[in-house]
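The values are calculated or read from the model by the stated rules, or taken from the named source; none is laboratory data. Bear in mind that the values here come from a model prediction, so they are computed numbers and not experimental data. Counting neighbours? That spans all protein chains shown, and the Cβs are built from the backbone with ideal geometry, glycine included. The protein model used for the area step is the full one, side chains on, heavy atoms only, and it has no ligands, DNA or RNA in it. Shrake-Rupley method; radii C 1.70, N 1.55, O 1.52, S 1.80 Å.
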Amino acid sequence: MLVAIFGSVGESTVLLPPFHAGFGSHVHIGDDFFGNVNLTFVDDVDIHIGNGVLTAPSVTLTTTGHPVHPSRRADFGRFSEPIVIEDKVWIGSNVVVLPGVRIGYGSVIGAGSVVSRSIPPMSVALGMPCRVVRAITDEDLTTLTAGTGVA
């Protein structure tokens with residue numbers, strides 16, 4: 001069924017229900033993807049998700065926003081920019097990823113973050129607004145936690 005809903009779906013994709021998609025056809029999912037419950041895709045334009053990406057419960061990926069000035073919002077004025085999530089990214093619970101964001105290879109986004117700008121590869125980033133708090137290094141091979149309350 002996922003192949004019929006989404007633009008493309010890789011091998012070994014797991015997407016737990018319920019999930020929501022505006023169109024579905026603009027969502028492109030790589031191999032070995034795991035999407036936990038309540039994943040929402042606001043896919044007015046493309047969302048590209050790489051291989052080995054994990055999302056925790058209640059993540060929202062939204063490609064569309066609205067202008068700041070109220071007169072520009074008349075008649076439902078909006079703008080849309082694609083989202084790219086590179087390979088091996090982990091996105092924590094209740095994260096919102098906004099239009100035009102790229103999350104780099106291997107990065108971890110902490111629970112509750114609002115990602116309003118791109119995150120470089122191999123970074124732990126969190127907060128509102130989301131910001132990089134440290135790099136992921138070989139020292140992380142010796143522990144199971146991110147050491148920053150990332151969950």
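Structure summary
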item: Filter result (surrounded by fewer than 16 Cβ atoms within 10 Å (Cβ to Cβ) and under 17 Å from G92 (Cβ atoms)) within segment 37-69; result: V37, P57
item: Test for D43: is it of a type outside the set (S, T, N, Q) and either in contact (Cβ under 8 Å) with a residue 60 or more places away in the chain or in contact with a Ser or Thr (Cβ under 8 Å, 6 or more places away or on another chain) (or both); result: yes
item: Cβ-Cβ under 8 Å pairs, at least 6 apart or on other chains, segment 2-24 side of a type in the set (S, T, Y), far side at pLDDT below 95; result: T13/L2
item: Strands (runs of 3 or more DSSP E) fully within segment 70-135 counting 1 or more residues that are surrounded by 14 or more Cβ atoms within 10 Å (Cβ to Cβ) and free of Cβ contacts under 8 Å to residues at least 12 places away in the same chain; result: 131-135
item: Subset of segment 25-36 [closer than 13 Å to I83 by Cβ and either in contact (Cβ under 8 Å) with a residue 40 or more places away in the chain or open to solvent by 40 Å² or more (accessible area, probe 1.4 Å) (or both)]; result: H26, H28
item: Residue in segment 140-148 that is at pLDDT below 95 and of a type in the set (D, E, K, R) present; result: yes
item: Among (1) under 17 Å from the mean Cα position of the chain (by Cα); (2) on the phi < 0 side of the Ramachandran plot, the one test that G24 misses; result: (2)
